[in-house]
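This report refers to the structure that appears directly beneath it.
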Amino acid sequence: MTCLVKVFLVGKDFGASPAYLFSILHPERVLGVITLGVPYAPAPPGPSMLHKYLPEGFYMLRWKEPGRAEADFGRFDAKTVVRNVYILFSRSELPIANENQEIMDLVDPDTPLPSWFTEEDLSIYGALYEKSGFRTALQVPYRTVSDDLKLADTVVKVPTLLIMGGKDYVFKFPGIEDLIKSEKAKEFVPNLEVTFIPEGTHFVQEQFPEQVNQLILAFLAKNS
């Protein structure tokens, strides 16, 4: 007799997409989905949609272009790239460069790290990316995000928890704040809970690990 194992899935940022997708394709295998920083949207924004609402210098459009981010990142060591990413994406503004800049140029070299991200953290992360490079980190989300998966059913039916930092730059994406803070999201995720951590940024799980862990544990207990 085969025992069917059911799981909870947890995804952060672009990791939310495969979690949502797996729950749609295999709902019988999933007890619940927990995501941080990115709500579910059945049709992810493609380049034409992003170009419609955001300028050419928007980071996703720049990094979708093969070779551009590689050239931008290649001017620095891996540790500096990670440092700049943490500074940029812990802000509440969308990273947008002008025509004379690349995305890495948006960070002043004298800008301090966020208080919750230590030099030790940076050294560990930098060493990991020194070994792996940034190719996969660019290819998987930025250059595949608009792929059409042609799903027959696009509704996430399992219990779902979305944890958002109140100062997350994702709220500045066109239509995202309205989607999250209204009932629209429940058209696609009927059994959805949304929790906001007011001072959190896009790295809310690193800023407030204990609070995020308690939210996750409570969701697991409720839906086990």
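Points to keep in mind about this one:
- When you filter the chymotrypsin sites (Phe, Trp or Tyr not before Pro) in the stretch 26-132 for DSSP loop state and at most 15 other Cβ atoms inside 10 Å of their Cβ, you are left with Phe76, Trp116.
- Coil-residue trypsin sites (Lys or Arg not before Pro) of the stretch 118-173, DSSP, other Cβ within 10 Å capped at 13: Lys150, Lys157
- The alpha-carbon of Lys222 sits under 30 angstrom from the alpha-carbons of these lysines, leaving out residues fewer than 8 places away in its chain: Lys6, Lys12, Lys157, Lys167, Lys181, Lys184, Lys186.
- Taking amide H positions as modeled 1.01 Å from N, with prolines and chain starts lacking one, the residues under 5 Å from Gly166 and 5 or more places away or on another chain are Ile197, Glu199, Gly200.
- Where trypsin sites (Lys or Arg not before Pro) fall in DSSP loop in the stretch 7-81, at most 15 other Cβ within 10 Å: Arg75
- Cα shape, the stretch 146-224, gyration tensor, a/c 1.5 rule: oblate
- Residues Thr118 and Leu31, FRET efficiency given R0 of 45 Å [Cβ-Cβ distance, rounded to 0.05]: 0.85
- Using the Cβ-Cβ distance between Glu199 and Ser132 with R0 = 35 Å, the FRET efficiency computed as 1/(1 + (r/R0)^6) comes to roughly 0.65.
- Between the amide H of Glu193 and those of Thr160, Leu161, Leu162, distances stay under 5 Å, these residues lying 5 or more places away or on another chain, with hydrogens modeled in the peptide plane.
- For the stretch 69-80, backbone phi angles converted through the Karplus equation (6.51, -1.76, 1.60; θ = phi - 60°) give residue-by-residue couplings of 5, 4, 5, 5, 5, x, 6, 10, 7, 4, 4, 5 Hz, Gly and Pro being listed as x.
- On Cα atoms only, tilt of 209-223 relative to the major axis of the chain in degrees: 20
- Gain in span if fully extended, Lys222 to Val140, counting 0.36 nm per residue against the direct Cα distance: 26.3 nm
- Order of Ser92, Ser23, Ser182, Ser17 under a 10 Å beta carbon neighbour criterion, fewest first: Ser182, Ser92, Ser17, Ser23
- Here the spin labels are modelled as points 7 Å beyond Cα on the Cα-Cβ line, and at Asn98 and Thr80 they lie 2.2 nm apart.
- For the chain, the relative contact order is 26 percent, taking Cα pairs closer than 8 Å that sit 6 or more residues apart in sequence and dividing their mean separation by the residue count.
- For the stretch 13-146: span of alpha carbons on each principal axis (Å, largest first): 50, 37, 27
FYI, it's all coordinate maths here, none of it is from the lab. Small disclaimer: the values here were computed from a predicted structure and weren't measured. Positions of Cβ are generated from backbone atoms using ideal geometry, with glycine treated the same way; all protein chains shown enter the neighbour counts.
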